[in-house]
Amino acid sequence: ITLVSSHPIATLWTHCTHLSATVDALSQIRASTMKSLVGHLLLLSCLFCWNASLVSAAKKKQKKHKPYQYDTNNYVNICPGFTIQGKAAHKTLQFLLQTSGATTLKNKESAQHKAACWILQKDKKAKGKKHLSQRYALAVLYYITQGDTKWEERTNWMQPTKSECSWMGIRCGLGGTIVGLDLGFNNLTGLFPRELKLLASLTDVDLHGNEIQGVIPNSVLEAWTNVKYFRLHMNGLFGQLPREIGSMTKLKELHLFGNYLQGSIPTELAKLQKLEKIDFYANNFAGTIPAALGNLQNLRELDLHDNDLTGRMPSSLGRRKMELLACDCLGKKPEVQCDFCTVCCQGLPDLKCVDMKTKKKIVNPL
């Protein structure tokens, strides 16, 4: 009963309790045998209703999360000059439609359309849901960041007979599951595709030093629960850092410096108890610094300088033994007040950072 106390069905048990009390009252005028019989029947009735309601709730929940089933016959000519035929091809098409949506997939200019048609017409290795998911996610990334014209290196990418594990920058674990994505400084130019959420086994993501723009999709962060190292610095990302960052509970290092991220720093970061490094240098984060960051027991480096943050550095961070704690705390009127930061910086017109222990000017606190 305690385990399901938060379930709406707990109200049924309350009614059962009240009815049981009624039976006890009636026992004063009824024979003990009748009391026992009524009590047992009442209990069995309540337990039956309880079980039926739980089953019904479970079915509703399962039905709610069941993906929409498309009539794939309406999309057999989605790829120009090619007609989709066969049960396996229709199953693949169903997956593609459910992943990216019909509107996006029908748009012949979209990266998703190009990736889907490559899968349906040319690819020879997208067998089984795992490899289909992986190859489609990578194909979307390739087309949306202009891999065919912009990338510096693309060895084996989009080769229909080559395993995705042999594609440049891809690292696989047991069974051919992708665990590493390393495409740093490769001139990826375009948006951050939400289809990357299909790579749910990733542990290491490095996309720094590119021209990736737009917002970080919250569905991707929600799916990347195994990522330990996340490097998106030196790109053109904007918007807020999604609160779904709190889902990445295995994260150890988060590097986002050199973007245009704005809004407040999400307090959900405090859920990431394995975090050791946070680098938000040179963004547009505003507001105060969350005191909850002081609860990160493994945090060793936190760089928040060159943002629009104000107020006082939380004392909870001062109690931690930090190797690096940097913010805009330099000058006569510092944007952030901090008596225990290891590095204090200030912006224009006299842009500089100072090591607070040696009092020497430094070029880069990292």
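Using 0.36 nm per residue and subtracting the Cα-Cα separation, the extra length available between Ser315 and Gln85 on full extension is 76.3 nm. Here the label points at Asn226 and Thr267, each 7 Å from Cα along the C-beta direction, are separated by 3.2 nm in the simple model. Amide H contacts under 5 Å for Gly239: Gln262, restricted to partners 5 or more places along the chain or on a different chain, H placed in the peptide plane at 1.01 Å from N.
If I compute solvent accessible area with a 1.4 Å probe over the protein chains, what percent of it on segment 306-352 is carbon and sulfur? Could the numbers behind the result be given before it?
Details: 1340 of 2770 Å².
That fraction is 48 percent.
Separation of segment 147-169 from segment 221-258 is 24 Å, based on Cα centroids. Measuring between alpha carbons in the structure, the pairs from Lys197/Lys277; Lys106/Lys130; Lys106/Lys250 lying more than 26 angstrom apart are Lys106/Lys250. Amide H contacts of Gln337 (H built 1.01 Å from N, in plane; Pro and chain starts excluded): Gly311, Arg312, Met313 sit under 5 Å, all sequence-distant by 5 or more or on other chains.
Summarise the accessible area of segment 114-249 (1.4 Å probe, protein heavy atoms) by the percent that is carbon and sulfur. Ligands and nucleic acids excluded, carbon and sulfur reach 47 percent. Under the simplified labelling scheme, the Asp204-Gln69 pair shows an inter-label distance of 4.3 nm, with each label point 7 Å from Cα along Cα→Cβ. Residues in segment 291-303 carry Karplus couplings, in order, of 5, 4, 4, x, 8, 7, 5, 9, 5, 10, 9, 9, 10 Hz; the curve used is 6.51 cos²θ - 1.76 cosθ + 1.60 with θ = phi - 60°, and Gly or Pro positions show x.
Taking 0.36 nm per residue of sequence separation and removing the Cα-Cα distance, the Leu174/Lys361 pair yields an extension gain of 62.5 nm.
Cα centroid separation, segment 174-196 to segment 80-112: 22 Å. Averaged over its residues, segment 208-278 has an accessible area of 38 Å² per residue, based on protein heavy atoms and a 1.4 Å probe.
Counting other C-beta atoms within 10 Å, and keeping those with at most 12, which DSSP coil trypsin sites (Lys or Arg not before Pro) do you find in segment 296-327? Show your work: numbers first, answer last.
Working: sites: Arg300, Arg312, Arg319, Arg320, Lys321; in loops: Arg300, Arg319, Arg320, Lys321.
Within segment 296-327, the qualifying trypsin sites (Lys or Arg not before Pro) (loop, at most 12 other Cβ atoms within 10 Å) are Arg319, Lys321.
The values are calculated or read from the model by the stated rules, or taken from the named source; none is laboratory data. Please read these numbers as outputs of a predicted model, since none were measured by experiment. Virtual Cβ from ideal backbone geometry, glycine too; neighbours counted across all protein chains shown. For the accessible areas, the whole protein counts, side chains as well, though only heavy atoms, and no ligand, DNA or RNA atoms are used. Shrake-Rupley method; radii C 1.70, N 1.55, O 1.52, S 1.80 Å.
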